[in-house]
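Engineer: Before I ask anything, here is the structure I am working with.
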């Protein structure tokens, strides 16, 4: 349980970095723009992201195993981007309405939004890797 909570905080930090670097990805805090509401919004979306990655991602990766072999693993960028789009959809579905990727609306998915989501998932992976390595270096994790 502690590992999941640490991963959630790391993902929230990564989402914050992504919203700073990519203008097409926005997080609008619900309840106002107070600092605690912003932090709680990032943590809520990171919790959804962690649940999607722990429940749905392994199933999709097993089903897509032939595609991994055919593309030498490059399909993982598309799958991770699609999972991030799923997180954006779930956060809107649960009436959080806090995490949005430009081009992804209720009308459907556009190529632009998948590209932004793929870039965001790449940045999230790099930030999580660096954060975990730093925490292990200082023997915090």
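The values are calculated or read from the model by the stated rules, or taken from the named source; none is laboratory data. Computed from a predicted model, the values in this text were never measured in an experiment. Every residue, glycine among them, receives a Cβ derived from its backbone with ideal geometry; neighbour counts consider all protein chains shown.
Engineer: Could you count how many residues in the range 122-141 are surrounded by 14 or more Cβ atoms within 10 Å (Cβ to Cβ) and out of contact with any helix residue (DSSP H, G or I) (no Cβ under 6 Å at 6 or more places or on another chain)?
Structural biologist: Here the count works out to 3.
Engineer: Let me ask something else about it. Let me spell it out: the conditions are (1) at pLDDT below 90; (2) more than 16 Å from the chain's Cα centre (by Cα); (3) under 19 Å from residue 125 (Cα atoms), and residue 73 meets all of them except one. Which number is the exception?
Structural biologist: Of everything listed in (1) at pLDDT below 90; (2) more than 16 Å from the chain's Cα centre (by Cα); (3) under 19 Å from residue 125 (Cα atoms), residue 73 misses just condition (1).
Engineer: Can you tell me how many residues in the range 12-50 are in a helix (DSSP H, G or I) and surrounded by 15 or more Cβ atoms within 10 Å (Cβ to Cβ)?
Structural biologist: 20
Engineer: Taking residue 2, is it touching a residue at least 40 places away in the same chain (Cβ under 8 Å) and either over 17 Å from residue 100 (Cβ atoms) or surrounded by 15 or more Cβ atoms within 10 Å (Cβ to Cβ) (or both)?
Structural biologist: Spelling it out, it is not the case that residue 2 is touching a residue at least 40 places away in the same chain (Cβ under 8 Å) and either over 17 Å from residue 100 (Cβ atoms) or surrounded by 15 or more Cβ atoms within 10 Å (Cβ to Cβ) (or both).
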